[in-house]
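The values are calculated or read from the model by the stated rules, or taken from the named source; none is laboratory data. Remember, it's a predicted structure, so these values are computed and weren't measured experimentally. All Cβ positions, glycine included, derive from the backbone under ideal geometry; neighbour counts span all protein chains shown. SASA here: full protein model, heavy atoms, side chains in, ligands and nucleic acids out. Shrake-Rupley method; radii C 1.70, N 1.55, O 1.52, S 1.80 Å.
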Amino acid sequence: MDTNGTQKADLQTLERKWMQITDVPESPRSLMDVIEYSLGSQKKAEVYVNRLMAYFLDPEEPHGMDAEFLRAVLDGLPDECDFQEDIHDLSDVVVDDQAQVEKVVDGTTESPGIVDILIEVPNEWFLMIELKFSAKDTQTEFYYRKATHVDGRPKADYESGEYYLYLHQSDQPSANESNFANWTWQAFRSDVLEPFLSENAARFPQRTVTQLREFNDDIESISGMTDQQQNEQEKIELYLEHYDAISDVTDTFDDRWETFSDRWGRRLGETLERDGHGSASDFDDDVTSFVLATDDTRRGDWRFRTSSSDWGMIFKDGWWRHVDDLSQVLHSRADDRNDVRIGFHHRLGRNRDLALGERTLNVYFRNMGANDQEFIDEFVDAFNSRTSEIGDLLPPRAEITGIKDDMLVAAYDIEVEDDQSFFDAYIESLNEAFVDLVVENEALVSVLDDIYYETIESVYSVSIQSD
């Protein structure tokens, strides 16, 4: 069908809707008399909605709702409108669409305009409603600031109040005139129209309820959703449709993640051992011991601690000590928390979304935040004095952060191969990080070792040799 044929068919559909609503075949409000409508034209759609809105709001129309829909709309106006009139008795209310708004000077009309809907109790109050879908606002400033007459009556005759409302799409600009209250079609539907239908469907004529529901659908269709809203809605519907399956796989993954959080240390040790970098053994229930394949005793033994669902601790044996007895090497937090610690770590809890969503593993070197403040500051000063040296020793994926706690960070891709699970890939990335930062980086470990023991001696006046 050509364009003219399509528009004619669309117009005939709306004409039938309108005649069904008014139930008056000769109605002067026939859409044929007021618009040439096509579904592709938002401007013409405004006229269609104006007519229907005015019909439902008008207590005198044969919809069988009397003033109840009007009362619901007035009661649901946004706070910005500051509507303060008594709406218990609306017997004198007049509802008009395409009402004249004029500037009259010395009896002469200047710059006439037409507001989409006018609700008034003559000589008491009026509410102007300007309806928009996509057309730009060109009239609200005139209506409020320049117009002197409303529907042939001076504004000054309305003794109780003047109210102004701009009804528009959520992704379109607000009214140019700041004294117009702004209300979106989406809010109108969700705050007034849909609750009204839900609460009153059983009370009104079935034909009117059907018409209101079609009106609600038409507004949704004409106003439409933004791409983002549509995308979100589709995701919500997909989630609801597959809720049971999603819950099942989520619970299964959460169980596997919890198990992995308890076992990553042992798995890392086994992977390093597989690649010939040393030997792994169980130190205790929460700690895996890994001894590097080297004759250099300064590089020492390493500990992988898995007691936390978040903090995955990787530290050289001797980097955790009790402040009261610095010769005492710790492998877990001191009972009184009076310890001084440095080490590498990865965050299983906090960085879970990073690992799953972006497939990125971050490994940090940390000056622990629970250390004595004097130790923290002294360690930072010593570290900063050697940043040039440290920077030269870092692998390509690592960098100095410039902050006091997580002083280094290294980012690794979690690349899941066809024959791997996500957890296998996570361990492979962690293995790569440990090799870069420790196994093949004797110089970096040595610098961090020196800074640690020098800071202990400076702060606590205790000289300890690296193991």
Problem - strands (runs of 3 or more DSSP E) contained in segment 264-334 and holding at least 1 residues open to solvent by less than 60 Å² (accessible area, probe 1.4 Å) and not small (Gly, Ala, Ser) - result: 287-292, 301-305, 311-316, 320-322, 325-329
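Any residue at all in segment 346-368 that's surrounded by fewer than 14 Cβ atoms within 10 Å (Cβ to Cβ) and assigned to a helix (DSSP H, G or I)? Spell out how you get there, then give the answer.
The first filter runs over segment 346-368 and keeps only residues surrounded by fewer than 14 Cβ atoms within 10 Å (Cβ to Cβ), leaving 349-350, 353, 357-358.
Next, from what is left, pick out any that are assigned to a helix (DSSP H, G or I): 353, 357.
Yes, because at least one residue in segment 346-368 is surrounded by fewer than 14 Cβ atoms within 10 Å (Cβ to Cβ) and assigned to a helix (DSSP H, G or I).
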Exercise for the section: Return a yes/no flag: does segment 421-429 have any residue that is out of contact with any Phe, Trp or Tyr (no Cβ under 6 Å at 6 or more places or on another chain), outside any helix (DSSP H, G or I), open to solvent by 50 Å² or more (accessible area, probe 1.4 Å) and not aromatic (Phe, Trp, Tyr). Expected result: no
Practice task
For residues that are free of Cβ contacts under 8 Å to residues at least 40 places away in the same chain and over 20 Å from ALA54 (Cβ atoms), scanning just segment 138-150, find the one that is most open to solvent (accessible area, probe 1.4 Å).
Solution key: ARG145
Exercise for the section: Examine segment 231-253 for a residue that is more than 30 Å from LEU52 (Cβ to Cβ), open to solvent by less than 60 Å² (accessible area, probe 1.4 Å), of a type in the set (Gly, Ala, Ser) and modelled with pLDDT of 95 or more, and state whether such a residue exists. Expected result: no
Exercise for the section: Just give me the residues in segment 62-93 being open to solvent by 40 Å² or more (accessible area, probe 1.4 Å) and under 31 Å from the mean Cα position of the chain (by Cα), in sequence order. Expected result: ASP75, ASP79, GLU80, ASP82
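Go over the candidates ASP436, ASP418 one by one and state the one that is assigned to a helix (DSSP H, G or I) and either of a type outside the set (Gly, Ala, Ser) or within 37 Å of the chain's Cα centre (by Cα) (or both). Reasoning before the result, please.
Numbers: ASP418 fails: assigned to a helix (DSSP H, G or I).
It is ASP436.
Being part of a helix (DSSP H, G or I) and surrounded by 17 or more Cβ atoms within 10 Å (Cβ to Cβ) is the filter here; which residues of segment 369-392 pass it? Quick ask: steps written out before the conclusion?
Kept after step one, since they are part of a helix (DSSP H, G or I), are these residues of segment 369-392: 373-384, 387-392.
Scanning segment 369-392 gives PHE375, ILE376, GLU378, PHE379, VAL380, PHE383, ILE390.
State which residue is most open to solvent (accessible area, probe 1.4 Å) when the search covers only segment 195-209 and only residues that are outside any helix (DSSP H, G or I) and in contact (Cβ under 8 Å) with a residue 24 or more places away in the chain. Talk me through it step by step, then tell me what you get.
Keep residues of segment 195-209 that are outside any helix (DSSP H, G or I), which gives 201-205.
With the extra rule that they be in contact (Cβ under 8 Å) with a residue 24 or more places away in the chain, the set shrinks to 204-205.
Working: PHE204: 22, PRO205: 62 Å².
Per the stated criteria, the residue is PRO205.
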Handout entry: Only one of ASP324, ASP339 that is farther than 30 Å from ILE414 by Cβ and in contact with a Phe, Trp or Tyr (Cβ under 7 Å, 6 or more places away or on another chain)
Key = ASP339
Practice task
Please enumerate the residues belonging to segment 439-465 that are surrounded by fewer than 17 Cβ atoms within 10 Å (Cβ to Cβ) and assigned to a loop (DSSP other than H, G, I, E, B).
Solution key: GLU440, SER461, VAL462, SER463, ILE464, GLN465
Exercise for the section: Within segment 356-406, track down each residue that is in contact with a strand residue (DSSP E or B) (Cβ under 7 Å, 6 or more places away or on another chain), without any contact (Cβ under 8 Å) to a residue 12 or more places away in the chain and farther than 30 Å from PHE260 by Cβ. Expected result: GLY391
Completion exercise
Scanning segment 86-127 for residues that are among the charged types (D, E, K, R) and either closer than 18 Å to PRO154 by Cβ or touching a strand residue (DSSP E or B) at 6+ places or on another chain (Cβ under 9 Å) (or both) gives ASP92, ASP96, ASP97, GLU102, LYS103, ASP106, GLU110, ASP116, GLU120, GLU124
